Amino acid sequence: MEIQYAMKADLEKVVPLFQGYLQFYGRQFEEQEVVTFIKKRLTNEDAIILYAEHEGKAIGFTQLYPSFSSLALKRAYILNDLFVEESHRKLGAARALMEEAFVFCEQMGAAYITLETHPDNVAAQKLYEDIGMQRDDEYWHYTKEFK
């Protein structure tokens, strides 16, 4: 298992994974919309995309968005997406992606990395807890969606 940092030249590897992620969550977009979105993230350098390769095939990815912590006066990261193709789960790709994300954040001097997951996603919660993440019960999370 190798973890790679995606570059614009890796679009053909990352886009199908991102489409699988969107399908997993019941979202449907035209392929060109997905290509444009990922290409902009990489071109603008406003996201860090890591992908896992197993036997020469891209099988999973995670995407980090930079943010800031006003209380720590440091950069922070939001782990927004984590996905491994169903046929390649249980190989340790998600763990390897998470661990590399931690290394990256530490190298960048980040205050923290944060993520959210659905309460029903027990497998993901177990992974997050196994690798040292802690569920925050102190603060409530609010969202307002714009269409």
Exercise. Which members of the stretch 11-48 meet the condition of being under 17 Å from GLU86 (Cα atoms) and assigned to a helix (DSSP H, G or I)?
Worked result: LYS13, VAL14, VAL15, PRO16, LEU17, PHE18, GLN19, GLY20, TYR21, LEU22, GLN23, PHE24
For this session: Have a look at ALA96, ALA124 and point out the one that is open to solvent by less than 40 Å² (accessible area, probe 1.4 Å), more than 24 Å from SER70 (Cα to Cα), of a type in the set (A, V, I, L, M) and modelled with pLDDT of 95 or more.
Result: ALA96
For this session: Select from the stretch 47-83 the residues that are among the acidic types (Asp, Glu) and over 10 Å from the mean Cα position of the chain (by Cα) and list them in ascending order.
Result: GLU53, GLU55
Exercise. What tally of residues in the stretch 127-147 results from selecting those that are within 17 Å of the chain's Cα centre (by Cα), open to solvent by 100 Å² or more (accessible area, probe 1.4 Å) and touching a residue at least 12 places away in the same chain (Cβ under 8 Å)?
Worked result: 0
For this session: Output the number of residues of the stretch 62-93 satisfying the condition of being surrounded by fewer than 13 Cβ atoms within 10 Å (Cβ to Cβ) and either among the charged types (D, E, K, R) or assigned to a loop (DSSP other than H, G, I, E, B) (or both).
Result: 6
Exercise. Residue check, GLU85 against (1) among the charged types (D, E, K, R); (2) modelled with pLDDT of 95 or more; (3) over 20 Å from MET1 (Cβ atoms), all met but one. Which one?
Worked result: (3)
Seminar exercise, completed: Residue count, the stretch 105-126, condition within 14 Å of the chain's Cα centre (by Cα) and over 20 Å from ILE48 (Cα atoms), comes to 1
For this session: Kindly indicate whether any position in the stretch 111-119 is modelled with pLDDT of 95 or more and either touching a Lys or Arg at 6+ places or on another chain (Cβ under 6 Å) or charged (D, E, K, R) (or both).
Result: yes
Exercise. Of all residues in the stretch 37-55 being open to solvent by 20 Å² or more (accessible area, probe 1.4 Å) and β-branched (Val, Ile, Thr), which is farthest from MET1 (Cα to Cα)?
Worked result: THR43
For this session: Determine whether the stretch 85-96 contains at least one residue that is in contact with a Phe, Trp or Tyr (Cβ under 8 Å, 6 or more places away or on another chain), at negative phi and without any contact (Cβ under 8 Å) to a residue 40 or more places away in the chain.
Result: no
Exercise. From the list SER87, SER67, which residue is among the hydroxyl-bearing types (Ser, Thr, Tyr) and over 22 Å from HIS141 (Cα atoms)?
Worked result: SER87
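The values are calculated or read from the model by the stated rules, or taken from the named source; none is laboratory data. Everything numeric here is computed off the predicted structure, so don't read it as measured data. All Cβ positions, even for glycine, are placed from backbone atoms using ideal geometry, and neighbour counts span all protein chains on display. Heads up: the accessible areas ignore ligands, DNA and RNA and are worked out on the full protein's heavy atoms, side chains in. Shrake-Rupley method; radii C 1.70, N 1.55, O 1.52, S 1.80 Å.
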